[in-house]
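The values are calculated or read from the model by the stated rules, or taken from the named source; none is laboratory data. None of the values given here were measured: they were computed from a predicted structure. When we count neighbours, we look across all protein chains shown, and the Cβ atoms used for this are built from the backbone with ideal geometry, even at glycine. Heads up: the accessible areas ignore ligands, DNA and RNA and are worked out on the full protein's heavy atoms, side chains in. Shrake-Rupley method; radii C 1.70, N 1.55, O 1.52, S 1.80 Å.
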Amino acid sequence: MSAHPAPATSAAPATADEDLLAFDRAHLWHPYTSMTDPAPVRLVTGASGARLELADGREVVDAMSSWWAAIHGYRHPVLDRALAEQAGRFSHVMFGGLTHGPAVELGRRLVAITPDPLERVFLADSGSVAVEVALKMVLQYQRGLARPERTRMLTVRGGYHGDTFDCMSVTDPVGGMHSMWSAVLPQQVFGPQPPRHDADAATVAGWDAAFRTLAARHAHELAGIVVEPLLQGAGGMHPYPPACLRTFREVADEHGLLLVFDEIATGFGRTGRLFAADLVLPDLLCVGKALTGGYLTLAAVLTTDAVAHGIAGSDSGVVMHGPTFMANPLACAVASASVDLLIADDWAGRVGRIGDRLATGLAPLRDLPGVRDVRTLGAVGVVQLDHPVDVPAATEAALDAGVWLRPFRDLVYAMPPYVVSETELDLLTGGIAAAVRAG
Ligand SMILES: *Cc1c(COP(=O)(O)O)cnc(C)c1O
């Protein structure tokens, strides 16, 4: 592979599809990839329901929901209509000094479906930005309480909170490549990773004690706690016991910290609960990914009234954030439609049925050579290998079995759209088995 591929336009591609792929390869970065030695990508030409249509004619079940987002599947008529209707009115206006129905209607819904005390809403343009805004709010709150020395965040190992700098600073220091960034990242405080969800009481108690000790040691400089509740996603697909959420809450209360739940991956029913915040109340809640049903980028931070008042008491008195595309009307309109669909559509029943079928379908993989662990939570199924996955081989094997998977590290996993059928789920577990055997 040449370090400077010739522009695709100078080649003579055989077909339009090859032309697209050649230009992509020469000019477009993909997530976490090299421009000079690009990993292979597949060309998508259509998508509907739980399926993606590839340029080579294959139709495959999307096990990834486009990274947790497409909970209602693709081309959902209700979401398509909501988007088209809003586009027919206006697609965007600035949110500074102006407001609009789609933002208000979405705010109404978010306040209604989250626990009562979470009633103030900041609409951000991506998950990472929502986490940035939440962290900023935590710092401003502490300043409002005349505690400006409280600038560090407490979190746990194994987390993932996004790719911008402050988000990276609270992401797992090993998986998040902190060594590369140590000179530029804020230095946060990392507690031990919570034990796995089926850990015994003694193990959970040991973790609890270690976390409390660390918090007490750093309390004077801590502003807040930020965690992904119940399930750590991109940091390692690690479900952990609800008891740990109570530890977070108690530690926050004991030391005057704000508790931030980053439910950007876990929100909207994925873990079998609408939000983990229904179990233990955070002071700030970040949602994103599935918020728009996977149609457009949008995220939100919800806070309690106490947080809003604390921020109001800070030096500036205002939240110092305001993205150009804040509360984009198209995204808000499709998000409201997605929330309505979720609530009307027995999400709990769907997630429960997917979870059962994943658990049954994946259980036999425990006995395959190279498999270290199989775990499921809500509509998430995970197979952990005892070695790094051979991603190209596993991906190709899954595609041959009719399934789109995106393994990482030692993990082959799935979180399909809630509209996936039983037949598609069987295809999906077959695809995971094929990927595991090949990877
Ligand atoms: C994906 C994710 C983010 C970042 O969201 P983006 O929209 O990709 O910026 C933050 N936190 C968690 C838990 C996520 O899963």
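Residues considered: Val129, Val111, Val133. Of these, the only one that is at pLDDT 95 or above and touching a Phe, Trp or Tyr at 6+ places or on another chain (Cβ under 7 Å) is Val133. Out of the residues in region 293-305 meeting the condition of being more than 17 Å from Lys136 (Cβ to Cβ) and away from the ligand (no atom under 13 Å from the Cβ), tell me which one is surrounded by the most Cβ atoms within 10 Å (Cβ to Cβ). Among those residues, the one meeting the criterion is Gly293. Out of curiosity, is Ser338 away from the ligand (no atom under 13 Å from the Cβ) and surrounded by 24 or more Cβ atoms within 10 Å (Cβ to Cβ)? Spelling it out, Ser338 is indeed away from the ligand (no atom under 13 Å from the Cβ) and surrounded by 24 or more Cβ atoms within 10 Å (Cβ to Cβ).
Considering (1) within 15 Å of the ligand (Cβ to nearest atom); (2) in a strand (DSSP E or B), the lone condition that Ala134 does not fulfil carries the number (2). Is there a residue in region 98-111 that is within 16 Å of the ligand (Cβ to nearest atom), out of contact with any strand residue (DSSP E or B) (no Cβ under 6 Å at 6 or more places or on another chain) and either in contact (Cβ under 8 Å) with a residue 60 or more places away in the chain or open to solvent by 40 Å² or more (accessible area, probe 1.4 Å) (or both)? So far as region 98-111 goes, no, none of its residues is within 16 Å of the ligand (Cβ to nearest atom), out of contact with any strand residue (DSSP E or B) (no Cβ under 6 Å at 6 or more places or on another chain) and either in contact (Cβ under 8 Å) with a residue 60 or more places away in the chain or open to solvent by 40 Å² or more (accessible area, probe 1.4 Å) (or both).
One line per residue, one yes/no per condition, for (1) surrounded by fewer than 19 Cβ atoms within 10 Å (Cβ to Cβ); (2) not polar (S, T, N, Q):
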| site | (1), (2) |
| --- | --- |
| Asp19 | yes, yes |
| Pro31 | yes, yes |
| Asp56 | yes, yes |
| Ser65 | no, no |
| His72 | no, yes |
| Gln86 | no, no |
| Ser91 | yes, no |
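The set of residues in region 220-259 that are part of a strand (DSSP E or B), within 16 Å of the ligand (Cβ to nearest atom) and among the small types (Gly, Ala, Ser) contains only Gly224.
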